[in-house]
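The values are calculated or read from the model by the stated rules, or taken from the named source; none is laboratory data. None of the values given here were measured: they were computed from a predicted structure. Positions of Cβ are generated from backbone atoms using ideal geometry, with glycine treated the same way; all protein chains shown enter the neighbour counts. Side chains included, ligands, DNA and RNA excluded: accessible areas come from the protein's heavy atoms. Shrake-Rupley method; radii C 1.70, N 1.55, O 1.52, S 1.80 Å.
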Amino acid sequence: MIIFKNVSYSYPGGRPVLNGVSLHISPGERVGLIGANGAGKSTLLKAALGLVDADGSITVDGTGLSRKTLPFVRKALGYVLQDSDNQMFMPTVLEDMVFGPMNYGMSRTEAEALADSILSGLGVAHLKHRQNHKISGGEKRMAAIATVLMSTPKAVLMDEPSSSLDPKNRRALIHTVNSLPIAKLIASHDLDMILDTCDRVLLISSGQIVADGAAGDLLGDKELLEKNGLELPLGMQRCWAGKGDE
Ligand SMILES: Nc1ncnc2c1ncn2[C@@H]1O[C@H](COP(=O)(O)OP(=O)(O)OP(=O)(O)O)[C@@H](O)[C@H]1O
Ligand SMILES: [Mg+2]
């Protein structure tokens, strides 16, 4: 579904932020991307979306990423960026949600019915007619996620999807993410959310994938996490505490 071969990128005038990244995500795979601040997680997601022009080869759904194939790739991938403010360009949540599907030929009635069911599923039906510039950070995040679900992407990329969500919305997000039968690549510092939503984890450090393994193994590897500036998720701390009691 998403293949990176030796992908490197430096922001203009800067040092390499992605440093020979190779990865392979199969259809339906649920993959978490973790790493300390500045490790390169967001840049990696941006490279997959062609938002930064990286060296090396990137293939999405069988198509090599290039300027020409960018519209195809963007349609195949749903994405929620770290700064979801920049993703909304219509005045209200509803208008933002129906814009894409209507552009691709869905009727207004159909698009609105779909929007209603997605907003209800996320438990945020009250946001439907709210103005995008007058909602809170967490509400914007939920609205951005709802908008992504309006298209039928083949894979979804999420950058810190749970940041600024209250516990109830975070749970709704985890539930929704787990109900999507498509491939997911989720970058987050919320390692408990990664544990709840992903089977596989990639650990990035200084622009390189330094570990790639089963979520349960990698997120329980205290030494590896600490060596890379991270800490055990709470769910795993309980396991460690339990081991100490034995
Ligand atoms: N637009 C930019 N111009 C120049 N440098 C940038 C830009 N965006 C990010 N960087 C640098 O690239 C490196 C990787 O940034 P990136 O945003 O990919 O990290 P991250 O792993 O997503 O971090 P975080 O956990 O803080 O979100 C950092 O050193 C950052 O300062
Ligand atoms: Mg980031």
- Query: Which far-off residues, 5 or more places away or on another chain, put their amide H under 5 Å from the one on residue 22, with H placed in the peptide plane?
  - Reply: 6, 7, 209
- Taking a ≥ b ≥ c as the square roots of the eigenvalues of the Cα gyration tensor, with a/c under 1.5 meaning rounded and otherwise prolate when a/b exceeds b/c and oblate if not, segment 164-246 is oblate
- Message: For the chain, take N as its residue count and report Rg(C-alpha) divided by 2.2 N^0.38 Å.
- Response: 1.03
- Counting only the heavy atoms of the protein chains, how much of residue 75 is accessible to a 1.4 Å probe, in Å² to the nearest 10? 110
- To the nearest 0.05, what FRET efficiency results for residue 6 and residue 214 with a Förster distance of 30 Å applied to their C-beta separation? 0.75
- Using the beta-carbon distance between residue 117 and residue 26 and R0 = 25 Å, what value does 1/(1 + (r/R0)^6) give for FRET efficiency, to the nearest 0.05? 0.30
- Query: Scanning the chain for chymotrypsin sites (Phe, Trp or Tyr not before Pro) in DSSP loops with at most 16 other Cβ atoms within 10 Å, what's the longest stretch left with none?
  - Reply: 105-246
- Item | Prolate/oblate/rounded label for segment 19-135 (Cα gyration tensor, a/c 1.5) | prolate
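How would segment 158-199 be classified by its alpha-carbon gyration tensor: rounded, prolate or oblate, with rounded meaning a/c under 1.5 and the a/b versus b/c comparison settling the rest? Display every interim value, and only then the final one.
Values: a/c = 1.70, a/b = 1.25, b/c = 1.37.
Since a/c reaches 1.5 but b/c is at least a/b, the shape of segment 158-199 is classed as oblate.
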- Message: Let me check something: with ligands and nucleic acids excluded, how do 160, 226 order by accessible area (1.4 Å probe), largest to smallest?
- Response: 226, 160
- So the carbon and sulfur contribution to the accessible area of the chain, 1.4 Å probe, in percent, is 51
- segment 17-74 accessible area per residue, 1.4 Å probe, protein heavy atoms, integer Å², reads 44
- Among 48, 18, 90 the positive-end extreme of the charge dipole of segment 1-105 (Cβ point charges): 18
- Task: Taking the Cα centre of the chain as origin, work out the dipole magnitude from +1 charges on Lys and Arg Cβ and -1 charges on Asp and Glu Cβ, in debye rounded to 20.
- Result: 580
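DSSP beta bridges in the chain, what fraction antiparallel, as a percent rounded to 5? The partial results should precede the final answer.
Numbers: 20 of 37 bridges.
Of the beta bridges lying entirely in the chain, close to 55 percent run antiparallel.
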- Task: Taking the dipole about the Cα centre of the chain, with the C-beta of Lys and Arg at +1 and of Asp and Glu at -1, give me whichever of 3, 234, 36 is farthest to the positive side.
- Result: 3
- Task: Between residue 133 and residue 75, with labels modelled 7 Å along Cα→Cβ, what's the label distance in nm to one decimal, could you check?
- Result: 3.2
